[in-house]
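Derivation of every value follows stated rules applied to the coordinates shown; laboratory data play no part. All of these numbers come straight from a predicted model, not from anything done at the bench. When we count neighbours, we look across all protein chains shown, and the Cβ atoms used for this are built from the backbone with ideal geometry, even at glycine.
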Amino acid sequence: EPEVTQTPSHQVTQMGQEVILRCVPISNHLYFYWYRQILGQKVEFLVSFYNNEISEKSEIFDDQFSVERPDGSNFTLKIRSTKLEDSAMYFCASSWTGGFSRNTEAFFGQGTRLTVV
Amino acid sequence: GNSVTQMEGPVTLSEEAFLTINCTYTATGYPSLFWYVQYPGEGLQLLLKATKADDKGSNKGFEATYRKETTSFHLEKGSVQVSDSAVYFCARPSNTGKLIFGQGTTLQVKP
């Protein structure tokens, strides 16, 4: 069964450092997403990406964040200068259609646990 | 507005007990509704979904019925197992496509 894969599974970084979280969405999917989950809290939307551009972003997704699909298979989330409050589980997701329309299912990766120290 | 509200956890049950996790939503119109499950140390998996009013989604013994009258999508299972211990998220799409999640309900099933 096709799946979304994320690497690394756990990343520890020092405050102020740049991190890149990597995702390989399902190959024929067209819509890509990043969500995050701070420990014990709800899953929050960060950004959606379609046709090589951001289609929507949340207020969390400030200038420190960027996304890229550099080679047609990977989908990356970059945090330029990490802060302690960026510590969270980051989930990548992909779907065939957008808008989570009636028959769309979003497939999620296993997540990357980012710890900023 | 756009929101999803779940009952607070944790929910602790004995094996074979009946489970209900409440979920209500606000929306204009009738969006699809989803339950996702997160097993310990794993990512989010779609458990079941319903795409229109009065639909019943079901999977692995879990069921949820889309009730537009009460704007609810409660998750039920007749007889839980230890392996059902996980965090359960109710979710709906916004009108722009992103998923809006409830706060999650932790279920712990004891043998």
Could you list, in sequence order, all residues of the range B:70-110 that are free of Cβ contacts under 8 Å to residues at least 40 places away in the same chain and either within 16 Å of B:Asn22 (Cα to Cα) or within 14 Å of chain A (Cβ to nearest Cβ) (or both)? B:Thr96, B:Gly97, B:Lys98
If the requirement is being surrounded by 15 or more Cβ atoms within 10 Å (Cβ to Cβ) and β-branched (Val, Ile, Thr), which of these qualifies: B:Thr70, B:Thr105? B:Thr105
Please indicate, with yes or no, whether at least one residue in the range A:60-69 is within 14 Å of chain B (Cβ to nearest Cβ) and closer than 20 Å to B:Glu42 by Cβ. no
Just for strands (runs of 3 or more DSSP E) wholly inside the range A:32-87: which have at least 1 residues that are touching a Cys at 6+ places or on another chain (Cβ under 6 Å) and surrounded by 11 or more Cβ atoms within 10 Å (Cβ to Cβ)? A:75-79
Somewhere in the range B:54-67, is a residue facing another protein chain (nearest Cβ under 10 Å) and either surrounded by 21 or more Cβ atoms within 10 Å (Cβ to Cβ) or among the basic types (Lys, Arg) (or both)? no
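Residues checked against (1) of a type in the set (A, V, I, L, M); (2) closer than 24 Å to B:Glu42 by Cα:
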residue	(1), (2)
A:Pro25	no, yes
A:Arg36	no, yes
A:Gln41	no, yes
A:Leu46	yes, yes
A:Glu53	no, no
A:Leu77	yes, yes
Return yes or no: is B:Glu42 more than 10 Å from chain A (Cβ to nearest Cβ) and charged (D, E, K, R)? no
Condition check for A:Val19: away from chain B (no Cβ under 11 Å), crowded, with 17+ Cβ neighbours inside 10 Å and either over 27 Å from B:Cys90 (Cα atoms) or free of Cβ contacts under 8 Å to residues at least 24 places away in the same chain (or both): yes
